[in-house]
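Every number here is computed from the coordinates shown, using simple stated rules; none is lab data. Every value quoted in this text rests on a predicted model; they were computed, and no experiment measured them. Ideal geometry is used to build each Cβ from the backbone, glycine not excepted, and the neighbour counts take in all protein chains shown.
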Amino acid sequence: MVQQKGLFVSCDGPMAQFIINLNATLPHNQKFIIHVLDSTHLFIKPDMAGTIRTAISEFRDQNTYEKPSAA
């Protein structure tokens, strides 16, 4: 049996899908998901946590509504 170090990620379903889709856009040698455990839990390579956090932050920034200031 091969042991592999990784991070356990627990999140809601839509965020898990975002992470899975992010992984799918990468070339094979850069994929970071080791195993999809279920719809809300993932096992990922430990060195990718910062990259995933950055991608989530950028996604949230792009999809956040800011009320226009009154001129």
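Side notes on the structure shown:
- If you go through region 42-55 and keep only what is under 11 Å from Met15 (Cβ atoms) and not in a helix (DSSP H, G or I), you end up with just Leu42.
- Scanning region 15-71 for residues that are within 27 Å of Gln3 (Cα to Cα) and of a type in the set (Lys, Arg) turns up Lys31, Lys45, Arg53.
- Filtering region 24-41 to residues that are under 17 Å from Thr54 (Cβ atoms) and in contact (Cβ under 8 Å) with a residue 12 or more places away in the chain leaves Phe32, Ile33.
- Applying a threshold of 6 Å to beta carbon distances and a minimum spacing of six or more residues, or different chains, the list of pairs starting in region 1-15 at a residue that is assigned to a loop (DSSP other than H, G, I, E, B) and ending at one that is hydrophobic (A, V, I, L, M, F, W, C) reads Gly6/Ile34; Gly6/Phe43; Gly6/Ile44.
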